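Here the structure is laid out as structure tokens; the discussion comes afterwards.
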Amino acid sequence: FMLTNALQIAGRGDEAEEMLVQAYRSEQPKPTPASTRLLFSLATVRLFSGKFTAAYEAAERLLREARAAQLALLEGWAHDFLGRIDYERDCLGSAADHFAALTERCYTHHRVCAVDGFAGSMFIAAVQGRTRAITEIGDAWRSYEESWSGLPSPIYYSAQARAALLTDDLAAARRWAAAFVAPLTAAPMIWLETSQITRIR
């Protein structure tokens, strides 16, 4: 995973993809913990390369294998990838289903996946003008965050601001942006919600 993601970041995504495809083909029988992790890596490289169709295919296969092998963490990543791609393609019904799968089992999946689930659900509600749903999702998300650290994370607040933008509540979005002073992160800004990008919006 680390090697192929480093290759992708270095502009060698096709090489990384081929390495993962060959390793996946040689893994027999399937599914195994190794084959599902290879699919996870393949979906990641393809997603970050902007190859949405190929990434979606890998994520669908990942979802099937993770379920068969009872690997809940990787099942969560599959829902995360599928939900994010469906959201980008404006397939909101399917995206909502994948994000709901993440929020319903938020303590079973990786924390990043749970956050993407809450954020994605909130953005879909905002796009559809369902203000009550935005509040309900926000309350559930806040409860989840507080169970981890006692306080909501900065992403929780920036997602609220992004939802405000999507519902044309510019005053609320501007209030958050004026108060947000965190510097640019050194990490790749690859997740569904990134505070610095929302501030630019």
Next on the checklist: Looking at the range 49-86 only, could you name the residues that are in contact with a Ser or Thr (Cβ under 8 Å, 6 or more places away or on another chain) and not in a helix (DSSP H, G or I)?
Outcome noted: ALA69, LEU71
Next on the checklist: For the range 1-50, give me each residue that is more than 22 Å from GLY76 (Cβ to Cβ) and of a type in the set (Asp, Glu).
Outcome noted: ASP14, GLU15, GLU17, GLU18
Item to check | Residues of the range 106-131 satisfying the condition of being over 19 Å from THR194 (Cβ atoms) and in contact with a Cys (Cβ under 9 Å, 6 or more places away or on another chain) | outcome: CYS106
Checklist entry - Does THR44 qualify as being under 21 Å from the mean Cα position of the chain (by Cα), among the hydroxyl-bearing types (Ser, Thr, Tyr) and either surrounded by fewer than 17 Cβ atoms within 10 Å (Cβ to Cβ) or on the phi > 0 side of the Ramachandran plot (or both)? => result no
Item to check | Unmet criterion (only one of (1) on the phi > 0 side of the Ramachandran plot; (2) assigned to a helix (DSSP H, G or I)) for ASP168 | outcome: (2)
Next on the checklist: I'm told ALA187 meets every condition in (1) loosely packed, with under 13 Cβ neighbours inside 10 Å; (2) assigned to a helix (DSSP H, G or I) except one. Can you identify the failing condition by its number?
Outcome noted: (2)
Checklist entry - Is there a residue being open to solvent by 50 Å² or more (accessible area, probe 1.4 Å) and either over 28 Å from GLY50 (Cβ atoms) or within 15 Å of the chain's Cα centre (by Cα) (or both) anywhere in the range 110-122? => result yes
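Here's the yes/no breakdown for (1) of a type outside the set (D, E, K, R); (2) without any contact (Cβ under 8 Å) to a residue 12 or more places away in the chain; (3) buried (at least 21 other Cβ atoms within 10 Å of the Cβ); (4) under 21 Å from ALA114 (Cβ atoms):
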residue: GLN28; (1), (2), (3), (4): yes, yes, no, no
residue: LEU38; (1), (2), (3), (4): yes, no, yes, no
residue: THR53; (1), (2), (3), (4): yes, yes, no, no
residue: ARG67; (1), (2), (3), (4): no, yes, no, yes
residue: LEU74; (1), (2), (3), (4): yes, no, yes, yes
residue: ASP90; (1), (2), (3), (4): no, yes, no, no
residue: HIS98; (1), (2), (3), (4): yes, no, yes, yes
Next on the checklist: Going residue by residue through the range 1-13, is there one that turns out to be among the charged types (D, E, K, R) and touching a residue at least 24 places away in the same chain (Cβ under 8 Å)?
Outcome noted: no
Checklist entry - What single numbered condition from (1) under 23 Å from ALA95 (Cβ atoms); (2) more than 16 Å from the chain's Cα centre (by Cα); (3) not in a loop (DSSP other than H, G, I, E, B) fails to hold for GLY129? => result (3)
Checklist entry - What are the residues in the range 132-164 that are buried (at least 18 other Cβ atoms within 10 Å of the Cβ) and farther than 12 Å from SER195 by Cα, if any? => result ILE134, ILE137, GLY138, TRP141, TYR144, GLU145, PRO152, ALA163, ALA164
Checklist entry - Going by the conditions given, is GLU88 touching a Lys or Arg at 6+ places or on another chain (Cβ under 7 Å), acidic (Asp, Glu) and modelled with pLDDT of 95 or more? => result no
Next on the checklist: Can you tell me which condition THR103 does not meet? The list is (1) open to solvent by 10 Å² or more (accessible area, probe 1.4 Å); (2) over 29 Å from PRO33 (Cα atoms), and all the others hold.
Outcome noted: (2)
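The values are calculated or read from the model by the stated rules, or taken from the named source; none is laboratory data. For clarity, every value in this text was computed on a predicted model and none was experimentally measured. No Cβ is skipped: glycine too gets one built from the backbone with ideal geometry, and neighbour counts run over all protein chains shown. For the accessible areas, the whole protein counts, side chains as well, though only heavy atoms, and no ligand, DNA or RNA atoms are used. Shrake-Rupley method; radii C 1.70, N 1.55, O 1.52, S 1.80 Å.
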